[in-house]
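J.: Structure incoming, see below.
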Amino acid sequence: MGFFCDLLHLEPTPCPPGTYSNISGQKSGSHCRICDAGKYFPAYNATTCISCPSGYSCPTATAVGSSCASGQFSVIGQGICLQCPAGYKCPSSDLLPVQCEEGYFSAEGEIYCHICPSGFSCNPVFPSAGPIPCPTGTFSFSGSTVCEDCPPGYYTSIASNCSEHGQGASNCTICPPGHYCANHSLPARCPPGKYAQGGEQTCSECIAGFFSQEAAENCTPSCPYGTFCEGNCSSCNVCPHGKYMPQTGSAECLDCPIGSYCPNASTIWPLSCPAGYYSDQGQQACNACDGGTFSSQGSSSCHQCPAGYFCTQASTYPSICSPGTFSLNSSSHCLNCEPGSFSDSGWAYCETCPAGMQCYNQQHPVQCNPGTFSVGNQSQCKLSCDVCPGGFSCPPGSTAPEPCAPGWYSVENAAACSRCAQGTYSSLVSTSCSTCPAGMFCPFGLGPFGCPPGYYSNGSSTSCHVCP
């Protein structure tokens, strides 16, 4: 198998690449069969052909061709690369196309499906059809399979929802006041004598004694909002500054209430004073709170800023004083603590730096370093700890120097006392040790003590020797 034996050759002749023979005793090269489409064999004497691998094309029967391009696919034995069909995605060229999920679509040759854009629908049965614009009076969100009808009194304006796929509405717009939208049509103006307050399919008739102009939201009695008429008058007067009128047909305007302001003539409804401001009755504008006070929205007065906080002009809420500062009631700013004192956030006073601590930044006491001390409650000009004097020791956080005991000594700025060397001595509060004199002995740095009768020493001794 894989060979043929003809009269022209003494030896069996192998079938050439791209052909095969699976039967023994073949007598002619014509019995070597060409590999079927989608199969190949690159060498001689093949007994069978190899299926073209997934993700590749095999244009000849002798070798594997190139890999499929992005957006194409082939499965094993297919032999040619095909374009991914519309409505499918081909993320991998060696797998079969996968149909787009509901609410998604794709064009031919896509590796991924795209979400259906808002204002369009994507048929789940035929995703290859692509996005279809929502018709007038309907809308959709992204990923929709159908367009939904707008609620009554709403409309869509296709012209404002254009995209690369055509036109469609992603939302519905309420029919504006003074207009009507019959059957989701574009807004039409209400004729004189009728009105619409918004979201209407038809305009309503004005009741007796009221009238309206074209495109009116409401029907108007003798005097509209924000105006008044004293007695029988042919025209209405606008409400002056600091007054308002929320009703129609009024003979007088109302004073703007406390905590509010009426800035314009013909004010219909008072505006609430913003935080940091206040007003009395009948004001055109609100007053800013002075420094040291604050207010919330709609206030008729300002509140005192509490101690430990500050309030600048027009403050809406007290601001806390930072460490190292303090304030009393009604303060517009915080004061720095004096040197040698400190405070934490929101303090109304500063405390003197405690013993064993130093307050050089007025914020947080810091323990005295080894070799220094502080007694506390000292002058406010005292910013740092004092240096420990000679003959004393000052461990970290010392409130006072500790005297060195006899037999011990220290130099200035010492954290601890040092023991005298053998043969030397010191008294209480010593800065150095002295050599023990002859005829004396100094045990453990103490003394000097005289040698008893019959004993002697040559100096620098810790004990006496028996006379020879």
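J.: Here are some residues: 69, 86, 129. Which one is touching a residue at least 12 places away in the same chain (Cβ under 8 Å), over 40 Å from the mean Cα position of the chain (by Cα) and within 30 Å of residue 186 (Cβ to Cβ)?
T.: Numbers: 69 fails: within 30 Å of residue 186 (Cβ to Cβ); 86 fails: within 30 Å of residue 186 (Cβ to Cβ).
Unique residue meeting the criteria: 129.
J.: I'd like the residue in segment 29-50 that is in a strand (DSSP E or B) and not aliphatic (A, V, I, L, M) and, out of all such residues, is nearest to residue 61 (Cα to Cα).
T.: 40
J.: Of 355, 348, which residue is of a type in the set (A, V, I, L, M, F, W, C) and in contact with a strand residue (DSSP E or B) (Cβ under 7 Å, 6 or more places away or on another chain)?
T.: 348
J.: Right, next: Output the residue which, of all residues in segment 38-53 that are of a type in the set (Gly, Ala, Ser) and surrounded by 13 or more Cβ atoms within 10 Å (Cβ to Cβ), is farthest from the chain's Cα centre (by Cα). I'd like the intermediate steps shown before the answer.
T.: Restricting attention to segment 38-53, the residues satisfying the condition of being of a type in the set (Gly, Ala, Ser) are 38, 43, 46, 51.
With the extra rule that they be surrounded by 13 or more Cβ atoms within 10 Å (Cβ to Cβ), the set shrinks to 38, 46, 51.
Working: 38: 56, 46: 67, 51: 55 Å.
Here the answer is 46.
Residues are listed down the side, and each one gets a yes or a no for (1) at pLDDT 90 or above; (2) surrounded by fewer than 17 Cβ atoms within 10 Å (Cβ to Cβ):
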| residue | (1), (2) |
| --- | --- |
| 66 | no, yes |
| 78 | no, no |
| 90 | yes, no |
| 125 | no, yes |
| 159 | no, yes |
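J.: Are any residues in segment 219-233 at pLDDT 70 or above, in a loop (DSSP other than H, G, I, E, B) and not hydroxyl-bearing (Ser, Thr, Tyr), and if so, which ones?
T.: 219, 223, 224, 226
J.: Now for a separate question. Restricting the first residue to segment 255-277 and requiring it to be outside any loop (DSSP other than H, G, I, E, B), which pairs with a second residue that is among the basic types (Lys, Arg) meet a Cβ separation below 8 Å and a spacing of at least six or different chains?
T.: Hits for this filter: 255/243.
J.: Further question on the same structure: Residue by residue through segment 400-450, note down the ones that are assigned to a strand (DSSP E or B) and within 60 Å of the chain's Cα centre (by Cα).
T.: Listed by number, the residues that qualify are 402, 403, 418.
J.: Looking at (1) of a type in the set (A, V, I, L, M); (2) surrounded by fewer than 16 Cβ atoms within 10 Å (Cβ to Cβ); (3) closer than 27 Å to residue 345 by Cα, which one does residue 307 not meet, given that it meets all the others?
T.: Of everything listed in (1) of a type in the set (A, V, I, L, M); (2) surrounded by fewer than 16 Cβ atoms within 10 Å (Cβ to Cβ); (3) closer than 27 Å to residue 345 by Cα, residue 307 misses just condition (2).
J.: Just the residues that are farther than 24 Å from residue 361 by Cβ and crowded, with 16+ Cβ neighbours inside 10 Å, please, taken from segment 317-332.
T.: 318, 330
J.: Here is a follow-up. Being surrounded by 15 or more Cβ atoms within 10 Å (Cβ to Cβ) and in a loop (DSSP other than H, G, I, E, B) is the filter here; which residues of segment 92-106 pass it?
T.: 93, 94, 97, 100, 103, 106, listed by residue number.
J.: May I ask you to verify whether residue 433 is of a type in the set (A, V, I, L, M, F, W, C), touching a helix residue (DSSP H, G or I) at 6+ places or on another chain (Cβ under 7 Å) and at pLDDT 90 or above?
T.: yes
J.: Any residue in segment 296-316 that is touching a Leu at 6+ places or on another chain (Cβ under 6 Å) and of a type in the set (Gly, Ala, Ser)?
T.: yes
J.: Related question: Filter segment 3-28 down to the residues that are under 23 Å from residue 59 (Cα atoms) and among the small types (Gly, Ala, Ser), then identify the one that is surrounded by the most Cβ atoms within 10 Å (Cβ to Cβ).
T.: Residue satisfying both the conditions and the ranking: 21.
J.: Just the residues that are modelled with pLDDT of 80 or more, among the polar types (S, T, N, Q) and at negative phi, please, taken from segment 330-366.
T.: 331, 332, 336, 341, 343, 345, 352, listed by residue number.
J.: For segment 135-153, give me the residue count where each residue is free of Cβ contacts under 8 Å to residues at least 40 places away in the same chain, buried (at least 22 other Cβ atoms within 10 Å of the Cβ) and closer than 14 Å to residue 103 by Cβ.
T.: 1
The values are calculated or read from the model by the stated rules, or taken from the named source; none is laboratory data. Treat the numbers as computed from the prediction; the structure is a model and nothing was measured. We place every Cβ from the backbone using ideal geometry, glycine too, and count neighbours over all the protein chains shown.
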